[in-house]
Each structure stands twice: as C-alpha cells, then as structure tokens.
Amino acid sequence: NQFTDSETGKVIKIPPTLLISAIGVIDDVAKCVTMDFKNKNSRVVLIRAEKPYDLPTLARLHRTMSTLVASGKFRAVHDVSDRGYPVAAAEMCIASGIGLIVSNQLFASPDAYEERPGAYVAELATWDDVEAITHAFAGVARVEELGITQAYAKLTVTTEKTRVTDFAIEDLTKAWRD
C-alpha cells in the first residue's frame, strides 16, 4: 500500500497492517452522532468504565451508550483511544472548529494520556441531561465533568480561577497532521 501526499508529492509507503472492521444495522441514521462538537456553551463529560478490562462491564457500557445516543442525549461522542481523553477532546475541537474550556486538574491527572478501553468524551444535548446519564451508567461507568464548549476557536485549560494555557484550533490541527 502506498499513496502520494498531494501537498508535497512525496510517496508514502504503508507497511502491511491488520484491519478489523465492525458493521452493524442502524435503525434510524438520523439518530447517529458524530465526533464534532455541535454547539457553543454545551456541557462536555468524560465517561469511563469502572472496570475497563472486564468484558461484561464493557458490553453493558457500550449498550448503554448506544441506547443514550439513540435517545438523543448526546450531540457529539468520541471514543477515548490513542493518547487519552485530552487528545479525544482536541480532535472534537479540530473536527468542529468549536473551542473547549477544560479543567487543568483533569488534564494534568496521571491517567489523562493513557489509552484505556471503555471511555468516551461526549457533548450533552442539554445541560440537565447529566443526572439522567449518570444514573444510566450507574455501576458501569463514571461520568465526570470535563468542560464547556466555547465560542473561541481554542482549547483552553484553566483552574477554577485562572487560565493556565490555551491552544488555537489551527495549531492543534497542524500538530495533529504532522
């Protein structure tokens, strides 16, 4: 496998890679959500499996997520994988051009950049949905406040009182592509 970078003309060769795909039936495509943030001033949560390496727990988590997506509780959802939830949040900003204000405490935690099964970053459909979502995931996953989407095109990291740093979405996009 290979392709030519249209910007540089450089040929990039891809080593053989195992590809695993999953296919499912979707009853109503209008109820699907994508990873890009949809609105400014939305509540964003981190959902993490209580037992991330227990297959029955993960199955319950994903079934619950599917039910909540179909019921319209989320505007955007992204799985947490490569390099943890800060990267998932940044990718949601990049995809939408909508910024996010996040807690320094969460982004500085020791497990923030770990890849763990059974985790999602999600934009809630309404501010009031957090209680119902927390209840739905009871015994399966923790639902934690991650941040609030913002009008500024940047990922802003703050303490309760002070802005620690921010990253322009344009800079995040460049870093993601490089």
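The values are calculated or read from the model by the stated rules, or taken from the named source; none is laboratory data. Just so it is clear, the structure is predicted and the values come from calculations on it, not from any experiment. Here the Cβ positions follow ideal geometry from the backbone for every residue, glycine too, while neighbour counts run over all protein chains shown. Only protein heavy atoms, including side chains, enter the accessible area calculation; ligands, DNA and RNA are left aside. Shrake-Rupley method; radii C 1.70, N 1.55, O 1.52, S 1.80 Å.
Using a 1.4 angstrom probe, figure out how much accessible area the range 44-123 has per residue, in square angstrom, rounded to the nearest whole. Mind showing how you got there, number by number?
Numbers: 3420 Å² over 80 residues.
About 43 Å² of surface per residue is accessible.
Amide hydrogen proximity for Val164: with H placed 1.01 Å from N in the peptide plane, the residues at 5 or more positions away or on another chain lying under 5 Å are Val157, Thr158, Thr159.
Just the Kirkwood number for the range 52-178, please: inverse of mean 1/r across all distinct Cα pairs, in Å, one decimal. All intermediate terms of the calculation are to be shown ahead of the outcome.
On the way: mean 1/r = 0.0651 Å⁻¹.
It is 15.4 Å.
Between Ala30 and Gln105, residue separation times 0.36 nm minus the direct Cα-Cα distance comes to 23.4 nm. The Stokes-Einstein estimate for the range 1-122, based on a Kirkwood radius over Cα pairs and taken at 37 °C with 0.692 mPa s viscosity, is a diffusion coefficient of 197 µm²/s.
In this label model, Thr17 and Ser71 are separated by 3.6 nm, measuring between points 7 Å along each Cα→Cβ vector. Taking every alpha-carbon pair within the range 66-139, the share separated by more than 18 Å comes to 46 percent.
Which residues among the range 87-109 fall inside the zone where the amide N is under 15 Å from a point 7 Å beyond the Cα of Thr173, along Cα→Cβ? Only 90-100 pass the distance filter. Computed in the context of the full set of protein chains, the accessible area of the range 1-134 at 1.4 Å probe radius has 55% of its extent on carbon or sulfur. 3J(HN,Hα) couplings calculated from phi for the range 163-168 with the Karplus curve 6.51 cos²θ - 1.76 cosθ + 1.60 (θ = phi - 60°) are, in sequence order, 6, 7, 6, 8, 10, 5 Hz; Gly and Pro show x. Taking label points 7 Å from Cα along the Cα-to-Cβ direction, Arg63 and Asp79 give a separation of 1.9 nm.
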